[in-house]
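The values are calculated or read from the model by the stated rules, or taken from the named source; none is laboratory data. None of these values were measured; they are calculated from a predicted model. Here Cβ is always computed from backbone atoms with ideal geometry, including for glycine, and neighbour counts include all displayed protein chains. To get the accessible areas, we keep the full protein, side chains included, count just its heavy atoms, and leave off ligands, DNA and RNA. Shrake-Rupley method; radii C 1.70, N 1.55, O 1.52, S 1.80 Å.
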Amino acid sequence: MLQDRYNRPIRDLRISVTDRCNFRCTYCMPFDEYVWIDKREILTFEEITRLASLFAGLGVNKIRLTGGEPLLRKDLDKLIGKLSPIGGIEDICLTTNGALLEEQAPALAAAGLRRINVSLDTLNAEKFKQITKRGDLERVLVGLFAAKRAGLQPIKINAVIERGLNEDDIIPLVEFSRENGFAMRFIEYMDVGNSNNWISQKMVSKKEIIGRIDTRFPLREVGRDHGTAPSVDYAFADGGGDIGVIASVTEPFCASCTRARLTADGKLVTCLFSDHGHDLKGLMRGGATDAELIEVISTVWQQRTDRYSDERLEAMNSPGGYQPKEHRKIEMITLGG
């Protein structure tokens with residue numbers, strides 16, 4: 001079993017298929033324009049499949065496709081069709097903003113996609129436009145139900161909660177998910193990338209989120225799926241489904257993190273908050289054999305010591321506090337979620 005310096009195995013691979021996005025969410029991609037990766041530098045479907053097969057041989061059993069917005073990548077269902085037969089891969093998931101789901105959900109499901117996560121921070125159309133800058137709430141909602149009709153299951157809704165913006169949307173989102181059979185996941189506002197001007201005062205903690213929900217809908221804690229999932233899950237006492245909270249800021253889970261990331265331009269990244277990656281695309285296009293790629297991937301993972309969220313919390317609790325601008329990170333448009 002391939003393990004890092006803290007004995008964490010490699011189990012999950014998150015693959016960014018594009019840096020492009022049709023939204024400009026304030027907490028992720030707040031600028032109108034970015035310097036995009038040249039299309040010639042983006043991994044081809046064949047390169048992604050080759051690398052995914054190598055990762056599967058090292059212990060990866062789950063793949064999540066991300067972006068940018070992954071549904072902007074033309075013929076994404078064809079990539080899923082290539083990834084689905086890989087031995088050892090038990091689960092393929094997609095994280096999307098949902099705007100293009102109505103058109104693509106049937107083909108994605110037919111190709112082997114099992115489940116999706118849809119980013120949805122509010123059910124208020126005006127606020128939705130404020131958060132995404134260019135998104136249409138109705139298209140996302142239509143996409144959600146199209147995915148449901150296509151048989152994708154479970155469908156999880158992800159909502160980043162930012163103080164002063166959408167903490168009042170917590171209960172409406174819970175009600176919506178309960179009524180329609182979706183799983184709800186709330187995410188503490190994090191200092192991803194370098195552009196979102198994160199300050200801890202904007203963060204709504206897991207404790208507060210759970211407290212708000214429990215007052216309206218009593219909960220019982222279930223815990224983390226397989227002990228390693230980012231979300232701490234809770235079941236509704238009345239049997240009406242479940243919710244979860246990803247609390248990277250207040251309850252870090254670095255000790256159980258089994259996730260590797262592959263950027264759209266082929267760099268292996270070992271933490272969501274990394275400041276660098278390891279170039280696998282260059283090795284592939286330079287003629288590296290599978291054995292040589294496996295050796296590089298194995299060495300990178302075995303040397304992994306990432307525990308950024310743990311260190312952030314330690315700094316937040318220290319006299320000097322935590323200064324996010326002192327920690328340069330790969331931008332989300334390149335890294336993916």
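Restricting the first member to region 32-48 and to residues that are assigned to a helix (DSSP H, G or I), and the second to residues that are surrounded by fewer than 16 Cβ atoms within 10 Å (Cβ to Cβ), the beta-carbon pairs closer than 9 Å and six or more apart or on different chains are Phe45/Asp75; Phe45/Lys78; Glu47/Arg285.
The sole residue among Ala52, Ala99, Ala110 that is open to solvent by less than 50 Å² (accessible area, probe 1.4 Å), more than 15 Å from Asn180 (Cβ to Cβ), in a helix (DSSP H, G or I) and not charged (D, E, K, R) is Ala52. Pairs meeting the criteria (first residue in region 179-198 and under 16 Å from Val160 (Cα atoms), second residue open to solvent by 10 Å² or more (accessible area, probe 1.4 Å) and among the β-branched types (Val, Ile, Thr), beta carbons under 7 Å, at least 6 apart or on different chains) are Arg185/Ile246; Ile187/Val160; Ile187/Ile246; Glu188/Ile246; Glu188/Thr250; Tyr189/Val160; Asn196/Thr26. Exactly one residue out of Ser177, Ser205 is in contact with a strand residue (DSSP E or B) (Cβ under 8 Å, 6 or more places away or on another chain) and surrounded by 20 or more Cβ atoms within 10 Å (Cβ to Cβ): that is Ser177. Ile161 meets the conditions (1) assigned to a loop (DSSP other than H, G, I, E, B); (2) touching an Asp or Glu at 6+ places or on another chain (Cβ under 6 Å) in every case but one. The failed one is (1).
Kindly establish whether Arg139 is open to solvent by 20 Å² or more (accessible area, probe 1.4 Å) and farther than 28 Å from Asp214 by Cβ. Here the answer is yes, as Arg139 does meet what is asked.
If I ask for residues that are under 18 Å from Cys271 (Cβ atoms) and not basic (Lys, Arg), which ones from region 1-50 would you list?
Leu2, Gln3, Asp4, Tyr6, Asn7, Pro9, Ile10, Asp12, Leu13, Ile15, Ser16, Cys28
Elements of the type helices (runs of 4 or more DSSP H) sitting completely within region 225-337 and holding at least 2 residues that are closer than 25 Å to Asp91 by Cα and open to solvent by 50 Å² or more (accessible area, probe 1.4 Å): these cover 290-302.
Within region 122-148, residues that are in a helix (DSSP H, G or I) and at pLDDT below 95 have Cβ atoms under 7 Å from residues that are open to solvent by less than 90 Å² (accessible area, probe 1.4 Å) and among the acidic types (Asp, Glu) in these pairs: Ile131/Asp121, counting only partners at least 6 apart in sequence or on another chain.
Considering only residues of region 56-76 that are touching a Gly at 6+ places or on another chain (Cβ under 9 Å) and in a helix (DSSP H, G or I), which is most open to solvent (accessible area, probe 1.4 Å)? Among them, the one singled out is Gly57.
When Asp214 is tested against (1) closer than 24 Å to Phe186 by Cα; (2) part of a loop (DSSP other than H, G, I, E, B), exactly one condition is not met: (2). Among the conditions (1) modelled with pLDDT of 95 or more; (2) over 20 Å from Arg14 (Cα atoms), Arg185 misses just one, which is (2). Residues in region 176-186 that are under 18 Å from Asn124 (Cβ atoms) and not in a helix (DSSP H, G or I): Phe182, Met184, Phe186.
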